[in-house]
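Every number in this text was worked out from the coordinates using simple rules, so none of it is lab data. Keep in mind the model is a prediction, meaning the values are calculated, not measured. Don't worry about glycine lacking a Cβ; one is built from the backbone with ideal geometry, like all the others, and counts go over all protein chains shown.
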């Protein structure tokens, strides 16, 4: 298993543009636009701007950093929407090697600390087990500021977002903006973030936009969509 890498620098002309924009925002820009080798298929999103809304109140420095990260990435989201089709995938391939859907204990909506509800499913496996993308899509974000620790977020068809977290490591060659398929390894099972000290597992979250705001993050239960890999 590869060691946990530092974030790879953006590559290519679009990534350079992202870095320039980030510089204007006073950032050490890690964000990257989707691979320009893939064409725009939904031009309505080319000029779309995600409304910022009211920022949440940060109670800690960790929350302040996390909320700032989300705001930075939000500006890049329409560029990803523009390069995926209209209809979300009907099924998700089990992302964790060696795990079957029948083994998943349904924890959708279970209570969590701080009055939260569980917005996803936990897929348990030994530490270091490879995790593959459940869908085709683009790597939107690789970060270690999320509540779940080391995380990868992928934008798939329909602009649906797939949030994979608690990773122990991600591959050195995985970069933001990259196109991935269902065989692409995007990380390795761990217990990072707020899963520290629990049995290693992958948290899989799935988020749609809303009719009023395609950039919203509305959680949906991934379990009914999951199917075993062949």
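Per-structure values
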quantity	calculated
Rg in Å to one decimal, and Dmax rounded to a whole Å, for the range 12-227 via C-alpha atoms	16.6, 49
Distant alpha-carbon pairs in the range 128-230 (separation over 16 angstrom), percent	56
Pairs of Cα atoms farther than 19 Å apart, the range 55-143, %	63
Nearest-0.05 FRET efficiency for residue 37 and residue 108, computed from C-beta distance (R0 45 Å)	0.80
Between the range 43-118 and the range 156-230, the Cα center-to-center distance that results, in Å	8
Inter-label distance for residue 228 and residue 210, nm, one decimal - labels placed 7 Å from Cα along Cα-to-Cβ	3.9
Burial ranking of peptide ranges 57-66, 172-181, 185-194 (average Cβ count within 10 Å, highest at the top)	185-194, 172-181, 57-66
